[in-house]
Amino acid sequence: MMELKPVTKHNYLMVVDLKVHPHQEKYVAQNWLSLLEANYESDKYPFAVYHDGDPVGFIMCSYYPADKAYPIASWWLERFMIDKDKQGQGLGRQALTLFLREYKPDESVDEVRLGVEPENDKAIQLYESFRFVKEGVVEGEHVYVRKW
């Protein structure tokens, strides 16, 4: 069974211990940094991904008002990772399905965006299989959007 649970004082160390493979480190921030950002920046919502009661991944959703870098006020799937020891089992697909189905910050939100490094082919394949469509490029990352 797949679950998303808010990161709290009770599970944050387990989230920090989750790691990607060394060749993937350039694609996603380390979880400790994401949790630090969530603690000090507003509108960031970190979740531990659990499978059968064990932590296997991390998701952080964020809201950004329109600015010079991106002119559309948007909700973003800002961080998404599955632990290196749990990859290749379909858990990323299950976690993303659950997130898109269960987490919607408010009813007026109808789109979610994400940024992905252009050479991260596996992530791009996953996101495109969920009907994310490339919208542009911001700060070197490809921006994808889909209806929530």
Please indicate, with yes or no, whether at least one residue in region 26-36 is open to solvent by less than 30 Å² (accessible area, probe 1.4 Å) and assigned to a strand (DSSP E or B).
-> no
Picked from region 120-148 (must be among the β-branched types (V, I, T) and under 16 Å from F80 (Cα atoms)), the residue least open to solvent (accessible area, probe 1.4 Å) is V143
Say whether the condition of being of a type in the set (D, E, K, R) and touching a Lys or Arg at 6+ places or on another chain (Cβ under 6 Å) is met by at least one residue in region 12-32.
-> yes
Report those strands (runs of 3 or more DSSP E) wholly inside region 83-148 carrying at least 3 residues which are in contact with a Ser or Thr (Cβ under 9 Å, 6 or more places away or on another chain).
-> 111-116
Failed condition for L91, given (1) out of contact with any helix residue (DSSP H, G or I) (no Cβ under 6 Å at 6 or more places or on another chain); (2) free of Cβ contacts under 8 Å to residues at least 24 places away in the same chain, with all others met?
-> (2)
Please enumerate the residues belonging to region 117-130 that are touching a residue at least 40 places away in the same chain (Cβ under 8 Å) and either within 17 Å of F58 (Cα to Cα) or not charged (D, E, K, R) (or both).
-> N120, A123
Listed residues R101, R93; which is open to solvent by 80 Å² or more (accessible area, probe 1.4 Å) and at pLDDT below 95?
-> R101
Of all the residues that make up region 89-148, how many are closer than 23 Å to P6 by Cβ and basic (K, R)?
-> 4
Within the group S42, S108, S62, S74, which residue is open to solvent by 80 Å² or more (accessible area, probe 1.4 Å), of a type in the set (G, A, S), closer than 20 Å to V145 by Cα and at pLDDT below 95?
-> S108
For K5, work out the one condition from (1) in a strand (DSSP E or B); (2) of a type in the set (D, E, K, R); (3) surrounded by 15 or more Cβ atoms within 10 Å (Cβ to Cβ) it doesn't fulfil.
-> (3)
Would you mind stating whether K68 is of a type outside the set (V, I, T), surrounded by 13 or more Cβ atoms within 10 Å (Cβ to Cβ) and part of a loop (DSSP other than H, G, I, E, B)?
-> no
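The values are calculated or read from the model by the stated rules, or taken from the named source; none is laboratory data. Keep in mind that this is a model prediction, so the values were computed, not measured. Using ideal geometry, Cβ is built from the backbone for each residue, glycine included, and neighbour counts are taken over all protein chains shown. Only protein heavy atoms, including side chains, enter the accessible area calculation; ligands, DNA and RNA are left aside. Shrake-Rupley method; radii C 1.70, N 1.55, O 1.52, S 1.80 Å.
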